[in-house]
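The values are calculated or read from the model by the stated rules, or taken from the named source; none is laboratory data. Bear in mind that the values here come from a model prediction, so they are computed numbers and not experimental data. We place every Cβ from the backbone using ideal geometry, glycine too, and count neighbours over all the protein chains shown. What goes into the accessible areas is simple: the full protein's heavy atoms, side chains included, and nothing from ligands, DNA or RNA. Shrake-Rupley method; radii C 1.70, N 1.55, O 1.52, S 1.80 Å.
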Amino acid sequence: MTDNRVRGPTSALSSFLRERGIVAPTNRFRSLQPAQTEQLAQTEQQQTEQTEEEPGPSAVLNQPSRQPSKKKKPKKESDDELPKKKQRRTKKQEHPDWKIKLCQRCQRRFLNDNDQRLCAACVQLGDADKVSKGTKRQAKMKEQEAFMITGETSVRVYSLKDMCIRLIAQYLDDVEELGDISPDTKCKISKIISKRRLLTQKNVNLFLGPMETDLELYDCTLLNPEGLSMIAHLCPNLKNLRLEMCGRMTDKVLQVYSNLDSLEILDLKGPFLCSAEGWSGLFSSLSNLKSLTLHFSAKLNDESIQDLVKHCPELEHLELHLTTRVSDDGIKALCDLQCLKSLVLSDIGSVQMETILALLDKIGSRLERLGLIKFDFDDTVVQKIGQTCTRLGALSLDQCHHLTTEPVAQMLSDLKHPLYELTLNRNNNLENPVLEKAIEHHKQLQILGLNGLDLLGFDSLSRLKELEQLQVLDLSWVRSLSDEILQSLLHGDMRQVSVFGCQLLTPDLLNGRYKNTDEKWIRISGNEFD
């Protein structure tokens with residue numbers, strides 16, 4: 001039979017193997033034609049003859065095909081002749097309580113007769129790798145190991161009161177009535193269920209009643225207008241009402257709230273569906289209102305502010321965030337509030353600098369707290385604050401990008417009353433003299449915000465330790481902050497420090513745990529090594 005196949009260029013090794021009759025092994029599962037089967041049989045017969053006559057390299061490569069063997073009947077084996085695998089199984093059968101589990105650290109299988117989650121080797125390794133007790137990461141590792149071994153964490157021991165509060169929050173749908181408990185306890189339960197978004201139409205009744213005077217709900221997302229109206233129906237004697245994430249509130253709900261004659265403090269976050277007419281109707285009925293805080297009230301306008309000033313003459317605290325429809329007319333109307341002591345305006349509509357100056361001339365001498373956030377005014381307003389606000393104790397001038405160093409430093413030195421709170425976040429043009437004047441003239445500072453003041457140097461930051469009453473400090477994105485400066489601040493009355501974007505800090509300092517004078521842990525936010 002002639003071979004008509006066309007061969008391309010081959011290597012010397014391929015030609016040598018072909019001359020010797022050595023062929024690459026074929027796939028025995030491949031379906032062959034009859035002509036190919038005859039040719040394959042002839043080549044195999046020639047190879048076997050050559051291997052019998054002169055054994056060589058071909059004898060190793062051309063192994064004869066295996067003949068199909070007949071099936072043998074399995075013999076009965078005694079217990080002594082069992083394979084090792086079978087002996088292991090029989091050994092496990094002797095201990096029926098043992099279970100094959102997967103180690104949660106090394107992912108190896110091991111036999112266990114209890115609820116242990118780590119194998120013996122990993123347990124011993126955990127005992128051998130004992131390290132110092134000072135860092136957060138090591139505390140977390142110990143907590144995870146304890147949870148994997150016993151299923152519980154013994155790092156923090158909760159009081160009986162906290163355990164009961166957590167248990168009530170976990171099975172809140174099965175609770176019929178909270179009973180006579182303190183407002184602080186109710187507030188804790190409200191925070192827990194709001195964090196888990198479990199406040200619904202069914203369980204909101206647990207916080208309502210005719211004897212309630214203070215109500216704080218931190219997540220009203222699942223409450224429809226009927227559920228929000230139920231608050232005023234079941235709590236007619238409310239004096240303090242705080243509702244967060246109340247985006248489903250409408251004008252009908254505000255109309256129901258207008259019946260709360262005793263309401264003095266109102267804090268709403270997210271009522272963006274309420275119209276200007278709804279706000280005007282609410283303000284006209286709350287004559288005893290003393291504090292108003294509104295976030296994301298998009299439809300509040302100048303007419304609503306004028307009705308507020310007209311019908312709520314005893315208003316002492318006003319805080320408006322993201323009320324973009326309020327303009328110069330609404331700000332001018334605030335000049336008639338004779339009892340106003342606290343004013344915070346953030347992200348409101350277009351307001352001229354002359355309007356802010358006129359407002360400070362009218363009410364600046366009565367203000368104890370002032371916040372002007374995200375405004376485009378220049379240093380003229382800062383000078384006016386230093387001249388008129390003689391009783392100021394808290395000042396916030398965040399994200400006012402046109403402010404410069406010298407006027408702000410002069411204003412801090414001109415203020416007659418010492419500040420306990422000062423935030424100048426995201427004012428990138430401010431330099432060292434601002435911080436130095438704040439430290440010299442305001443030793444009683446408890447809250448200080450310097451977020452984004454990247455021009456502050458080492459010398460001015462090192463003087464922060466002179467503020468002995470400091471409790472909350474924000475030094476995020478102040479890149480000259482070092483371990484030495486931060487170490488000098490982690491004591492005293494300090495409760496919280498923010499250090500986002502501070503690249504000079506090392507993990508040895510940030511992973512440590514520090515206590516203040518009250519024996520409470522100081523919280524360090526922005527640890528990039530955590």
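Observations on the structure shown:
- Figure note: H417, H295 ranked by solvent-accessible area, largest first, 1.4 Å probe, ligands and nucleic acids not counted: H417, H295.
- Solvent-free Debye scattering, log10 I(q)/I(0), computed from the Cα coordinates of segment 379-459 at q = 0.17, 0.18 Å⁻¹: -0.58, -0.66
- With a simple spin-label model that places each label point 7 Å from the Cα along the Cα-to-Cβ direction, the separation between D336 and S291 comes to 2.6 nm.
- For the pair A121 and L167, the difference between a 0.36 nm per residue extended length and the Cα-Cα distance amounts to 12.9 nm.
- Diffusion coefficient, µm² s⁻¹, Stokes-Einstein with Kirkwood Rh over alpha-carbon pairs of segment 156-216 at 4 °C and 1.567 mPa s: 107
- Approximate spin-label separation S159-H233, in nm, with each point projected 7 Å along Cα-to-Cβ: 3.7
- Inverse of mean 1/r across different Cα pairs in segment 289-402, Kirkwood, Å: 13.9
- Pairwise label distance in nanometres, L490 with Q469, each label 7 Å out on the Cα-Cβ vector: 2.6
- With DNA, RNA and ligands ignored, accessible area of D459 (1.4 Å probe; Å², nearest 10): 120
- Shape of segment 420-506, Cα gyration tensor, a/c cut at 1.5: rounded
- Counting heavy atoms of the protein chains alone, F500 has an accessible area of about 100 Å² for a 1.4 Å probe.
- Taking only Cα atoms of segment 229-368, radius of gyration then Dmax in Å: 14.3, 46
- Rolled with a 1.4 Å probe across the full set of protein chains, the surface gives R108 an accessible area near 130 Å².
- If you sort C246, C164 by accessible surface, 1.4 Å probe, largest first, the order is C164, C246.
- If the segment from E19 to Q444 were pulled out straight at 0.36 nm per residue, it would be longer than the present Cα-Cα gap by 142.9 nm.
- Pairs exceeding a 27 Å alpha-carbon distance, out of K269/K384; K290/K362; K99/K161; K374/K437: K269/K384; K99/K161.
- Accessible area per residue, Å², segment 385-472 with all protein chains present, probe 1.4 Å: 43
- Whole-number D in µm² s⁻¹ for segment 458-520, Kirkwood Cα-pair radius fed into Stokes-Einstein, 20 °C, 1.002 mPa s: 179
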